[in-house]
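The values are calculated or read from the model by the stated rules, or taken from the named source; none is laboratory data. As the structure is a prediction and not an experimental result, all values here were calculated from the model. A quick note on method: Cβ atoms are made from the backbone with ideal geometry, for glycine too, and the neighbour counts reach across all protein chains shown.
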């Protein structure tokens, strides 16, 4: 799919957010215009601390981050963000990059490390890819919440039955483990499978793996 087909044609309140942290006002203004023209919603910050004080964007988003910042440099900010911003893809930009610096950034999870000067298309492609990652991460997180809510709706006995089904026990074995009749196991198992929306034991095992992960 061409990049133009991946982005909305004009900016709106539902557009993905592209965060920019750069202490150079001319860079911020240039990127603000480029991002708006691409149909995304820019948020620009002149320092790492200003960025950290923001409220998180609710939808898909990514961060275009300058390495050289006056208060807290980009690599230190990346580490400071930690698990609180684990799903926020980072694109580093710098005019003074080197191999060790880029390796450090990529090992810490950055999606791109761009050395100035670079063309607009190079940055726009990097942003499009980063936003795709953000969408996938948000969808995965939403699905996990959904699975957790389904599991929370199970009774204590249904959870016990689920654990034993996932462990590979048959109804007769589960009955022996729990000290209940096989008919009662079948009833709990049926309710549990419906609540967990599992069409098969294989589906249930995959769902349990997500809960455990």
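Descriptive notes on the structure:
- Highlighted here are the helices (runs of 4 or more DSSP H) found entirely within segment 1-57 that include at least 3 residues which are modelled with pLDDT of 95 or more: 25-37.
- Residue within segment 43-60 that is in contact (Cβ under 8 Å) with a residue 24 or more places away in the chain, over 13 Å from residue 19 (Cα atoms), in the same structural domain as residue 25 (by TED's automatic domain parsing) and surrounded by 20 or more Cβ atoms within 10 Å (Cβ to Cβ) present: no
- Of all residues making up segment 154-189, the number that are closer than 20 Å to residue 205 by Cβ and surrounded by fewer than 12 Cβ atoms within 10 Å (Cβ to Cβ): 2
- Residue check for residue 72: within 28 Å of residue 119 (Cα to Cα), in a loop (DSSP other than H, G, I, E, B) and either at pLDDT 80 or above or not assigned by TED's automatic domain parsing to the domain that holds residue 116 (or both): yes
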